[in-house]
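The values are calculated or read from the model by the stated rules, or taken from the named source; none is laboratory data. Not measured: the values here are computed from a predicted model. Here the Cβ positions follow ideal geometry from the backbone for every residue, glycine too, while neighbour counts run over all protein chains shown. Note: accessible area is taken over every heavy atom of the protein model, side chains too, but ligands, DNA and RNA are not part of it. Shrake-Rupley method; radii C 1.70, N 1.55, O 1.52, S 1.80 Å.
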Amino acid sequence: MTDRTDWHLRDAHELASEHGVNPALGLPEAEAGERIQRHGPNELTSKAGTNWLSLLADQFKDFMVLVLIAAAVVSGVIGELVDTLAIVVIVVLNAIIGFVQAWRADKAMAALQQLAAAHATVLRDGEVRQIPAAGLVPGDIVLLEAGNQIPADLRLIDMAQLRVDESALTGESVTVEKHASTLIGVVHALGDRLNMAFKGTTATHGRARGLVVATGMKTELGKVAHLLDRDTDRSTPLQLRLAAFGKRLALAVIAICVVLFSVGVLRGEPPLLMALTAISLAVAAIPEALPAVVTVLLALGARKMVMFNALIRRLPSVETLGSVTYICSDKTGTLTQNRMHAELLLAGGEHWKPGDPAPGLLNLELLRAAALCNDASHTLKDGWQGDPTETALTRVAGDAGLHKPTIEQAAPRVLELPFDAARKRMTTFHRTPDGLVAYTKGAPEAVLARCTSQWQPGGEVDLQRANVLDAAENLAAQGLRVLALARRNHGQLPGSGDLEAVETDLCLIGLIGLIDPPRPEAAAAVRDCISAGITPVMITGDHPATARAIAQRLGIVHDADATVLSGADLSTLNDEALRERVRSVRVYARVDPLQKIRIVESLQAHGEFVAMTGDGVNDAPALKQADIGVAMGRGGTDVAREASSLVLLDDNFATIVAAVREGRRIYDNIRKFVRYAMTGNSGEIWTIFLAPMVGLPIPLLPIHILWVNLVTDGLPGLALAAEPAERGIMQRAPRAPQESLFAHGMWQHILAIGLLLGGLCLAVQAWAIETGNGHWQTMVFTVLTLGQMAHVMAIRSEMDPLWRLGLGSNKPLLGAVGLTFALQMAVIYVPAFNTVFKTAPLSAFELAICLAASAVVFIAVEIEKAWRRSRAATLIQA
């Protein structure tokens, strides 16, 4: 035996001899025992998974989490036990969520192993035996029947009308007609290896005998398992941005605390007091609610996505969708309807399309032949059942008034020659009032070779064979699957020895072109992708001409001669050559699982963020490699779903685009929370940091800082999750993966508005002290709280003013701001709280000053947004 894998190019009996087996007897039991020691069991294996303790420990390695843990320790040391407890709860909850997500992430291999057949029927020592499929070895002779799962990779030896459902492995839903002949050529995609039966696929019709040529991890299914075992974990854009943010924040806080401590000591302040002040400031500066708010935002987004048929399996993927720059989509069922449709009829030079006025006599005869020479069956429960092509023919005939059950009563079938892959045609005999008629249906080249004339209602005429072949080729070039139909009158049923002669001297009726048409909403979704700066790419197991035709209809490509890179072409390109071409190719056809991964990796090498759709086992490795793996919920396999981040419950490309829109909205709202929380923290830092610098006493007590963080970071921050999408969210380019969380002027906003808020607090403090007002600390406390409420209302949009958004467009936020205002008033005016928070009731004039100072923050942000709108308009005009 050799290590070659080109079994489809080898003669079956020659291979059997090479494997040392007689196909009529099978292997001796003793020889099979020796071979299983040599080759190992016929099982899929995987590397050892990560244990749960390691997965749990990994949740505490994020830099932001380490900063929060340090803040919790410091809070405990200085006696702020409530703050410590809050931070610990947040860290533990995030660790649990991350652990559960990681634990679920490695279930694709388990689902793949479920595809392995439990038992196999083999010939050994000349006897038919049932053995565990794990006991198969190369050289075994396997017997297959309809309904059997293929237990190993087989080179077929002989068969009777074997059809195999290979959709789990190749992604194509149409069953495949098999034969035992040796294939000619060099490169054949899996779906074209018609003399092979692959492990994990299912025999749906007929029976066969095959030679086991590969077992376990050496099968095509095993190669998929090997690809799934690769370590493909990539941090999401949000994880990268939050990690960078955490490191920069920690360094900035440490620097500020060192400066504050140093300046205070140089001014003669007690070192212990300055140390506690600096530490309190550090704790206040850390946005401890950020991980919790981000998790809640993602969870709420995932819940909302289910409403439009997108099920999120990994929470960070919600945000990653907003960063997607390429969507690589399967064709069948995602971009198309997964339902064959008769597009065009051509008979004797007459064209007819469904929806046109009633067909003429020529096309009526063509439709009658299509309905009668057809094995589709009808049930009240499920409608038309059978091969997708044949059900499409019965539907189009029925639409023209030729209902299959009715015409079969008038012309019952009395004999048939079933379709087989070698002849590429089928023939049925029908008894009519005018005698016996045989209808033949098949590939144009197979039927035309047997035709000698063209059918006309008035009699036979000469056949323009070259013209008909040209027409068939033109239809095929448009992506249509073309069938030819012919007929012949018989005086009597042929004998068993005359069956070959039956399919000669045929009279051609015409051609029918069929296609799996695009979904009605898919073209609009493709346009939305392009306007959003996302490049749609089609990757399919179908033929190049069909792929190009569908891509052109959808707007993925615009030229009839657009480049389609086939699997055979791709196999000739090295990684560097593929990286050079991958950005210009929009359609790939007849690709295998490893090639899908190469396409994804080549795009990722350019810094692209890739979403990949798929439903078959063959798609699972690419789904795992992609930044967003998108599996099909209706027609997909468990293996694909377990390897994915997102499951489409309606298998619809338009749902991906809707999910991208939601991902962008969620990321925008995360940025709004960071803008809001960090601006508030900035205001607190400036207030405490600058007061000693300008000769004012420390304006806030530790309990004030704790209260401000509690009421402002909590409910208002969470309520930002309900903020609707910005106008034009799908008319802007995707975020660059390397883009900072603070891009587009955010850090300048945080510093400037924070400084403004701090300046307003210190101005109110200075005024109150100057006028001898003893409520200065309560006033500063109130300005700081209400100023942040004014800020959160102003930053609901990065561009649009609040009056355009409307107060009622985010009711949860309006309620949260109202509740926060009420709580702050309670702290000021309820006597019991005055004692706890060291506050005093303010007069109406003092409260009015606080409200006016807070309103300045709102006005400043609205001025900033007006400047942004003006600048954007100028750039558009330029």
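If the condition is being touching a residue at least 40 places away in the same chain (Cβ under 8 Å), closer than 15 Å to L511 by Cβ and assigned to a loop (DSSP other than H, G, I, E, B), then segment 411-449 contributes only A443. Exactly one residue out of A30, A57, A16, A71 is assigned to a helix (DSSP H, G or I), modelled with pLDDT of 75 or more, small (G, A, S) and open to solvent by less than 20 Å² (accessible area, probe 1.4 Å), and it is A16. Got at least one residue in segment 316-337 being at pLDDT 85 or above and open to solvent by 60 Å² or more (accessible area, probe 1.4 Å)? No, every residue in segment 316-337 fails to be at pLDDT 85 or above and open to solvent by 60 Å² or more (accessible area, probe 1.4 Å).
Let's see how each residue does on (1) more than 43 Å from the chain's Cα centre (by Cα); (2) open to solvent by 20 Å² or more (accessible area, probe 1.4 Å):
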| position | (1), (2) |
| --- | --- |
| G772 | yes, yes |
| W776 | yes, yes |
| L784 | yes, no |
| M789 | no, no |
| S809 | no, yes |
| A822 | yes, yes |
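When K381 is tested against (1) charged (D, E, K, R); (2) surrounded by fewer than 19 Cβ atoms within 10 Å (Cβ to Cβ); (3) in contact with a Pro (Cβ under 8 Å, 6 or more places away or on another chain), only condition (3) is not met. Scanning segment 120-146 for residues that are touching a helix residue (DSSP H, G or I) at 6+ places or on another chain (Cβ under 8 Å), open to solvent by 10 Å² or more (accessible area, probe 1.4 Å) and of a type in the set (D, E) returns a single hit, D125. Among the conditions (1) over 26 Å from P418 (Cα atoms); (2) open to solvent by 50 Å² or more (accessible area, probe 1.4 Å); (3) out of contact with any strand residue (DSSP E or B) (no Cβ under 8 Å at 6 or more places or on another chain), T182 misses just one, which is (1).
Among the helices (runs of 4 or more DSSP H) confined to segment 697-806, the ones with at least 1 residues that are modelled with pLDDT of 95 or more and in contact with a Pro (Cβ under 9 Å, 6 or more places away or on another chain) are located at 746-770, 776-794.
Of the residues making up segment 504-546, those that are at pLDDT 90 or above, under 24 Å from N467 (Cα atoms) and either open to solvent by 60 Å² or more (accessible area, probe 1.4 Å) or over 48 Å from the mean Cα position of the chain (by Cα) (or both) are T504, D505, L506, C507.
Being open to solvent by 30 Å² or more (accessible area, probe 1.4 Å) and assigned to a helix (DSSP H, G or I) is the filter here, so list the residues in segment 459-490 that pass it. Residues satisfying the conditions are R465, A466, N467, L469, D470, E473, N474, A476, A477. The selection criterion, being out of contact with any Lys or Arg (no Cβ under 9 Å at 6 or more places or on another chain), among the basic types (K, R) and farther than 24 Å from D561 by Cα, does not hold for R527. In segment 778-806, the residues that are more than 12 Å from L757 (Cα to Cα) reach residues that are open to solvent by 10 Å² or more (accessible area, probe 1.4 Å) and hydroxyl-bearing (S, T, Y) with C-beta atoms within less than 7 angstrom, at least six apart or across chains, in these pairs: T778/T839. Comparison of G222, G206, G191, G200 shows that the only residue that is surrounded by 16 or more Cβ atoms within 10 Å (Cβ to Cβ), at pLDDT 80 or above, at positive phi and touching a helix residue (DSSP H, G or I) at 6+ places or on another chain (Cβ under 6 Å) is G200. Of the residues making up segment 158-174, those that are at pLDDT below 90, open to solvent by 20 Å² or more (accessible area, probe 1.4 Å) and among the acidic types (D, E) are D165, E172.
Within segment 417-458, the residues that satisfy the criterion of being among the basic types (K, R), open to solvent by 30 Å² or more (accessible area, probe 1.4 Å) and closer than 24 Å to L346 by Cβ are R423, K424, R450.
Here is a check on your reading of the model: is P692 more than 23 Å from R314 (Cα to Cα), surrounded by fewer than 19 Cβ atoms within 10 Å (Cβ to Cβ) and modelled with pLDDT of 80 or more?
On the way: more than 23 Å from R314 (Cα to Cα): yes; surrounded by fewer than 19 Cβ atoms within 10 Å (Cβ to Cβ): yes; modelled with pLDDT of 80 or more: no.
No, not satisfied.
If I filter segment 149-157 for residues that are open to solvent by 30 Å² or more (accessible area, probe 1.4 Å) and either modelled with pLDDT under 90 or within 21 Å of M217 (Cα to Cα) (or both), do I get at least one hit? First the steps, then the outcome.
Initial filter on segment 149-157 (open to solvent by 30 Å² or more (accessible area, probe 1.4 Å)): 149.
Next cut, either modelled with pLDDT under 90 or within 21 Å of M217 (Cα to Cα) (or both) only: 149.
Checked against the condition, which is being open to solvent by 30 Å² or more (accessible area, probe 1.4 Å) and either modelled with pLDDT under 90 or within 21 Å of M217 (Cα to Cα) (or both), segment 149-157 yields at least one hit.
Taken over segment 826-846, the residue count meeting the criterion of being open to solvent by 20 Å² or more (accessible area, probe 1.4 Å), within 53 Å of the chain's Cα centre (by Cα) and closer than 19 Å to N773 by Cα is 1. Filtering segment 566-596 to residues that are closer than 24 Å to R519 by Cβ and aliphatic (A, V, I, L, M) leaves V585, V587, A589, V591.
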